[in-house]
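Have a look at the structure below, then the notes.
What follows is calculated from the coordinates using simple rules that are stated; it is not laboratory data. This is a predicted model, so every value here is computed, not measured. Reconstructed Cβ throughout: ideal geometry from the backbone, glycine too, with neighbour counts over all protein chains shown.
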Amino acid sequence: MLPMPAWATIGTRVDLRLPPATGPYGLGVVSLHLVDEGRQDPWWSEPHARELMVDVWYPARRLGHHRFAPWMPSPELARFVPKLEDFLKDSPDTPPGEEPIGRDVDLDCVRFPVTQALLNAPVDASEHRYPVVLFSPGFAADRQMGAALMADLASHGYVVVAIGHTYDANEIAFPDGRRGHGPNDGERSSNRCRHQPRWQLLPRRR
């Protein structure tokens, strides 16, 4: 298989696919906008509730009238692709002895994957309880980066809650169209604090 930079330079149509889940359960996923009105967002200099986008992956009933969920929603993917093109242009993973691409990369020929999870599908009620796993990405990673792992866990009877960390993840889009800018984003919301939040230093226990 060609590495992605080669796809972009030869213009071959490429359909990306996630590996199939290995468990017996059908898959469902739902995106939730969670708002804690009683908690101040530390990144805002004015009153603003703490809010998060989360995806919940779970064992689901297989129903044909539910569509398959995209790997990344369109508003977030529209911001992800140009940044990925810039990243690939510099070819940080170029093998030793090979020259980086060093020119613009165009990913118009790449179709990003659709998951095997049905969007907002009903929960498979064959079990009374399912264990819950919390997927909390770090280092500015987007919650979708663990999609294959989360789908596989859900197919084996787990409920996986994936957190999109506002202002840490690079791609966050809220239902009303607002965007949460990550640390590697050149844009910054005018409502965000200009300085890092001040953390209280607790006295050392004796």
| request: Within the set of other residues whose C-beta is less than 9 Å from the C-beta of residue 162, count the net charge using Lys and Arg as +1 and Asp and Glu as -1. | output: 0
| task | Pop the C-beta distance of residue 49 and residue 176 into the FRET formula with R0 = 22 Å and round what comes out to the nearest 0.05. | result | 0.95
| note | So residue 106 and residue 127, fully extended at 0.36 nm per residue minus their Cα-Cα distance, gain in nm 2.9 nm
| remark: proj_area_mean for the stretch 4-181 (convex hull on C-alpha atoms), units nm², value 13.2
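Take every DSSP beta bridge with both residues inside the stretch 4-181 and express the antiparallel ones as a percent of the total, to the nearest 5.
75
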| If you place +1 on the Cβ of every Lys and Arg and -1 on the Cβ of every Asp and Glu, how big does the dipole about the Cα centre of the stretch 4-181 come out, in debye to the nearest 20? | 660
| said: 5 Å is the cut-off here: which amide hydrogens, built 1.01 Å from N in the peptide plane, fall below it relative to residue 117, excluding neighbours closer than 5 in sequence? | reply: 69
| field | For residue 44, residues with placed amide H under 5 Å, excluding near neighbours | value | 193
| What are the ³J(HN,Hα) values, in whole Hz, obtained from phi via the Karplus relation 6.51 cos²θ - 1.76 cosθ + 1.60 with θ = phi - 60°, for each residue of the stretch 49-62 in sequence order, with x given for Gly and Pro? | 5, 6, 9, 9, 9, 10, 10, 10, 9, 7, x, 9, 6, 7
| request: Note down the magnitude of the dipole of the stretch 112-187 about its Cα centre, charges +1 on Lys and Arg C-beta and -1 on Asp and Glu C-beta and zero elsewhere, to the nearest 20 debye. | output: 120
| Between 75, 134, 110, whose Cα lies farthest towards the positive end of the dipole of the stretch 65-163 when Lys and Arg beta carbons carry +1 and Asp and Glu beta carbons carry -1, centred on the Cα centre? | 134
| query | Remind me, relative contact order of the stretch 4-181 in percent, using alpha carbon pairs under 8 angstrom and six or more residues apart? | reply | 33
